[in-house]
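Student: What follows is a single structure, and I will ask about it in a moment.
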Amino acid sequence: MESIHFQHNALTAAEITTRRLCRLHRVRLFSPALCRVKRGSKVIVQGESRVLATPQQLIVLPADVELEVINQPENGLFCSDLLSLTPELLTRFKTRYLSESPPGRLTSLCAPVTTELAFMWQSVLQAVREGLSVALQQHQTMGLLLALYEAGYAGPLLVERQQDLSAQVRQLIMLSPAQAWSVSRVAKMLFLGESTLRRRLQQESQSFRQIVEEVRMAHARASCRPPRGQ
């Protein structure tokens, strides 16, 4: 049997434990989340994509994406922490930091846990579970998001999936316009097949190459714009 312990404050943290292999079908999160396995491993399946997450990785879970999740115990126990993020917090983060363009590296749901990510992850969980003030919880979470963003792994959390697909692609390219973006890379980040991505963009009268060129052109114009007053 799977056990889930929730801690609700300004944010929501959950500890998930099970002693048997647990398979969850058609899992869809209503808000973005981050997850880290503490013991055992977690398999995440989306379409033809299959990812194995271990304690050495932080799992980036976007909202409104249907997944199959398999929690696999190690020596009779599986345990993981899940942190749900609010849309308002992500909006504040994008407003404050999205003008900067770190390299976008994430082509799967798993980001390697760096020293910075490990420190900020534990700080956020402790802030939530100790019931610190809303301001302190949000401050710690902004730090975690910044560490994830600077490492190049925050892309899936920052895409607003209510928008047209072309707008979602544009948001990803804007994270780092100079990167060598490809259809296969963006398709993986949006959890789509390459042919599906091309077809849906065509339905919106867009092409992948066109979007990349438009974003790079806009970025170049903004970079060359003289400061106000000159």
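Student: Within the range 164-185, track down each residue that is assigned to a helix (DSSP H, G or I) and either in contact with a His (Cβ under 8 Å, 6 or more places away or on another chain) or at pLDDT 75 or above (or both). It would help to see each step written out before you state the result.
Tutor: Kept after step one, since they are assigned to a helix (DSSP H, G or I), are these residues of the range 164-185: 165-175, 183-185.
Selection gives L165, S166, A167, Q168, V169, R170, L172, I173, M174, V183, S184, R185.
Student: So, one more: Does the range 23-62 hold any residues that are in contact with a Phe, Trp or Tyr (Cβ under 9 Å, 6 or more places away or on another chain), surrounded by 18 or more Cβ atoms within 10 Å (Cβ to Cβ) and at pLDDT 85 or above, and which are they?
Tutor: Answer for the range 23-62, where residues must be in contact with a Phe, Trp or Tyr (Cβ under 9 Å, 6 or more places away or on another chain), surrounded by 18 or more Cβ atoms within 10 Å (Cβ to Cβ) and at pLDDT 85 or above: L34, R36, V37, G40, K42, L58, V60.
Student: What is the residue count in the range 164-189 for residues that are surrounded by fewer than 18 Cβ atoms within 10 Å (Cβ to Cβ), out of contact with any Asp or Glu (no Cβ under 8 Å at 6 or more places or on another chain) and closer than 23 Å to R50 by Cβ?
Tutor: 2
Student: May I ask you to list the residues in the range 126-163 that are of a type in the set (D, E, K, R) and at pLDDT below 80?
Tutor: First, pick out the residues of the range 126-163 that are of a type in the set (D, E, K, R): 129-130, 150, 160-161.
Across the range 126-163, the qualifying residues are E160, R161.
The values are calculated or read from the model by the stated rules, or taken from the named source; none is laboratory data. Given the structure is predicted, the values throughout are model-derived calculations rather than measurements. Every residue, glycine among them, receives a Cβ derived from its backbone with ideal geometry; neighbour counts consider all protein chains shown.
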